[in-house]
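Below is one structure; the comments refer to it alone.
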Amino acid sequence: MTASATKRPLIALTPDVHERSGGGLNGFLHKEYTDAVLAAGGLPMVLPLTDDEPALVALLERADGLLLTGGGDMDPALFDGDAANPTLKSISRLRDRMELFLTRRLLDEGRRPVLGICRGCQVMNVAAGGTLVLDVPTEIGDAVNHGDPRHSELVHDVSIEAGTRLHALAGAMTIGVNSSHHQAVKNVAPCLRVSARSVHDGVVEAVELDGKPFFLGVQWHPERLHERHAPSAALFRALVTAAS
Ligand SMILES: [Mn+2]
């Protein structure tokens, strides 16, 4: 039975943060994320930008799954990183608190699925006790350009680990991906495993939890590719199916 033949699962999405020029913050989300969830048969629900934990718990109770979206850097103090690193950008401690709370809650619950995209992949790793590369170009010599402005082009290859959930849903050992990140997973959290690496330089491009529940993060942007890139479409379908 397809997702649309029954009640369509409600997928909560975290908002990105925009600092207004006159002060204050906006929560917003690029349309590609909600379009990709709709195309996969889910109903997207963009969460308010808040760290009000009782409200987040109540919102999460309505949701069947969670999508952690892309955005700025996490505060390195969360994983003993160098807070003075000059490459850091767009840090929002409010967003960090919100997303770590939601992610840890579902990780502890162990029932509903979580998909992380770009920053979302990094949030999953930090939430579970891992660390991040603060800046791929300066910390990883001879890296390919992971900050490629051609956001909808397949700009580098990733090698997928056999036997992972990502391998099962991508249906290939090597796939091309887009890439607009300057950070990446460094030390993988104890409960997670690497499910893909950049072929050229070994940068971690996906992590996941072994077995159930569905808890998978990818470093690329499948929401910008899903209409014409089968492995990216499969990620959203897998999230919606796991939420059904
Ligand atoms: Mn990349």
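For (1) small (Gly, Ala, Ser); (2) part of a helix (DSSP H, G or I), each residue gets a yes or a no:
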site	(1), (2)
Glu153	no, no
Leu169	no, yes
Arg197	no, no
Gly211	yes, no
Arg228	no, no
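Return the pair list, or none, for Cβ contacts closer than 9 Å from residues in region 67-78 that are under 12 Å from Lys89 (Cβ atoms) and among the aromatic types (Phe, Trp, Tyr) to residues that are part of a helix (DSSP H, G or I) and at pLDDT below 95, at least 6 apart or on different chains.
none
What tally of residues in region 155-184 results from selecting those that are within 11 Å of the ligand (Cβ to nearest atom) and in contact (Cβ under 8 Å) with a residue 60 or more places away in the chain?
6
Which condition number does Asp75 fail, the rest of (1) at pLDDT 95 or above; (2) closer than 25 Å to Glu139 by Cα; (3) in contact with a strand residue (DSSP E or B) (Cβ under 8 Å, 6 or more places away or on another chain) being met?
(3)
Taking only region 127-151 into account, find how many residues are more than 10 Å from the ligand (Cβ to nearest atom), over 17 Å from the mean Cα position of the chain (by Cα) and not in a loop (DSSP other than H, G, I, E, B).
So the answer is 3.
Would a scan of region 214-236 turn up a residue that is free of Cβ contacts under 8 Å to residues at least 24 places away in the same chain and more than 16 Å from the ligand (Cβ to nearest atom)?
yes
What's the number of the condition Thr241 fails, among (1) assigned to a helix (DSSP H, G or I); (2) within 14 Å of the ligand (Cβ to nearest atom); (3) open to solvent by 20 Å² or more (accessible area, probe 1.4 Å)?
With respect to (1) assigned to a helix (DSSP H, G or I); (2) within 14 Å of the ligand (Cβ to nearest atom); (3) open to solvent by 20 Å² or more (accessible area, probe 1.4 Å), Thr241 is out only on (2).
The values are calculated or read from the model by the stated rules, or taken from the named source; none is laboratory data. Keep in mind it's a predicted model, so treat the numbers as computed, not measured. Please note: Cβ atoms are built from the backbone with ideal geometry, for glycine as well, and neighbour counts cover all protein chains shown. Surface accessibility is based on the protein's heavy atoms, side chains included, excluding ligands, DNA and RNA. Shrake-Rupley method; radii C 1.70, N 1.55, O 1.52, S 1.80 Å.
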